[in-house]
């Protein structure tokens, strides 16, 4: 070990060149960081830990890992409609590898700067590699987007093209036949390893979405949390699902596996009143982000899959069964990535 | 694995019987927790991770571990003068052991309830055992106790009897001759495994202490952070150090090793103007807590040890050298506990 804990923090995680306004009253280096939300704002907090062998492969580039560790937390803030403000970093490292730390810090701070999110504190310790981040964001009092607000007849929307991260994972596992082209593999891998948190979308959905969640465990599984919390059911239209160009040549079963059950994309799934359909479309256009209307909320509990939107009534032959393999990823039952 | 991640959280970490007022606007179960400090208050945050084999032995009782994981964070809040409000828990577990989880949750929530500190969110994942907590507390705007406020001629104070946690650690290592009695071992072990965060003291020191820090790495090492941040030096009086009854029969070298270099006690070291000496003593009396005046801040940088308070000038033969072994614990250079 050539660096002590304090030297390590000073070298890699204390920045003279912080970009943008300081968000903390007191920042790292004291017993606590001190922050103060602006008047009328509340503080949204998210905590996520990434563990080697569980959430990432040891082969991932440290810069992408630094990016992703923060991105998954910013994604939770986005799903609440909160604007990123600050974060703490708890880093457990098996050894001090300066080149690794340099890359990790670069990926972390590049994303942090993009969202004006300041590192205000944390903890560094020796042990099996894991990265714990708690991110804080501001949201106007009472306007946080929650899981429990979906109402019957609301539209169900999804951003972007979920499923590509899962495609990359299957490529890593060697289970794709034919395999991905080199170009497609690099693109898909980028989505898996360096996801873009939908922060601007989340902020734009304040006062517009009735409920929101980010797709970390799989579209169906995460939508299920919204349904459960809201006490409603849903109909999904399979022909309305956005199919990424990287998935278009795959068999439909593979497409649906990836889109409906693939996690780790960090797109947002949200609901909004049908009367606000044009506002949602305008928001997507203003952000340059594809937003797809993929279903609707039903008063009756349960999740129903349909070929298309027309005539979506139970006991109709168009209704499809939900395969078990589309249930949500679970950290104690699911597969390791 | 008999429980899924969601069942695990529901069973052990979601409480119908929460004691005291709710602190969160939105609590665990959504993408984020949402909290709002009261008007005029700022939010102090602390993050600490405990890793098995590094911060605790695998033999520690789960209830004590649950207590300690939160206690080390409440101690940081105390060192800032913040009153605990809420915390998030990131738990990485090698397996789902229901009896372990039950004990862990009991120790955690018993301490949380004592300080009216609500679990508002977190993350559970599979991997090598580690516990990451981010605790939040409220402090009136501008009143947080910082490390940088010590001024020449301020008194240096320490709470309680630091050194007992180190004594327990030496007993675990079998390095004490003679060994501790069974009773002394149990008492010392309790201090190591179940430390009492000095929350009431920290709150009482608002507007009274000029600087504060908690003793996690060792009295001298942690005081060193205050000196460095404040741009001052210090004289310490060895004959004024509080010597725990469990240390009194040990040779002076062992006493000083434990008191000056032993970490993990979570007592507070703080500075206050000499003119406020009576106020500090009154605070200690009101809390039933021994507060010892152990030195004073000097304008000149450096740490000087003296037998006693009289005639504390440099180059005096009473001045003692600071042994290397009293330097601070470092997570990448120090010993594992």
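The values are calculated or read from the model by the stated rules, or taken from the named source; none is laboratory data. Worth saying up front: this structure is predicted, and the values here are computed from it rather than measured. Please note: Cβ atoms are built from the backbone with ideal geometry, for glycine as well, and neighbour counts cover all protein chains shown.
Residues that are within 25 Å of residue A:208 (Cβ to Cβ) and out of contact with any helix residue (DSSP H, G or I) (no Cβ under 6 Å at 6 or more places or on another chain) within the stretch A:242-262 comprise A:242, A:259, listed in sequence order.
Residues that are at pLDDT 90 or above, at the interface with chain A (Cβ under 10 Å from one of its Cβ atoms) and surrounded by 22 or more Cβ atoms within 10 Å (Cβ to Cβ): does the stretch B:57-73 have at least one?
yes
Annotation note: of A:207, A:284, the sole residue that is at pLDDT 95 or above and part of a helix (DSSP H, G or I) is A:284. Within the stretch A:214-241, the set of residues being in a strand (DSSP E or B) and in contact with a helix residue (DSSP H, G or I) (Cβ under 9 Å, 6 or more places away or on another chain) comprises A:214, A:233, A:234, A:236.
Would you pick out the residues in the stretch A:242-275 that are buried (at least 17 other Cβ atoms within 10 Å of the Cβ) and part of a helix (DSSP H, G or I)? Scanning the stretch A:242-275 gives A:254, A:255, A:256, A:257, A:258, A:259, A:260, A:261.
Would a scan of the stretch A:126-142 turn up a residue that is in a loop (DSSP other than H, G, I, E, B), at pLDDT 95 or above and over 17 Å from residue A:50 (Cβ atoms)? No; the residues of the stretch A:126-142 include none that is in a loop (DSSP other than H, G, I, E, B), at pLDDT 95 or above and over 17 Å from residue A:50 (Cβ atoms). Sort out which residues of the stretch B:170-189 are in contact with a helix residue (DSSP H, G or I) (Cβ under 8 Å, 6 or more places away or on another chain), without any contact (Cβ under 8 Å) to a residue 24 or more places away in the chain and in a helix (DSSP H, G or I), and write them in order of number. Across the stretch B:170-189, the qualifying residues are B:171, B:185, B:189. Listed conditions (1) in contact with a helix residue (DSSP H, G or I) (Cβ under 8 Å, 6 or more places away or on another chain); (2) part of a helix (DSSP H, G or I) are all met by residue A:122, apart from (2). Just one of the numbered conditions (1) at the interface with chain B (Cβ under 7 Å from one of its Cβ atoms); (2) surrounded by fewer than 24 Cβ atoms within 10 Å (Cβ to Cβ); (3) outside any strand (DSSP E or B) is not true of residue A:76: (2).
Tallying residues that are within 14 Å of chain A (Cβ to nearest Cβ), over 17 Å from the mean Cα position of the chain (by Cα) and in contact (Cβ under 8 Å) with a residue 60 or more places away in the chain within the stretch B:96-141 yields 17. The residues of the stretch A:276-288 that are surrounded by fewer than 16 Cβ atoms within 10 Å (Cβ to Cβ) and under 15 Å from residue A:153 (Cβ atoms) amount to a single one, A:277.
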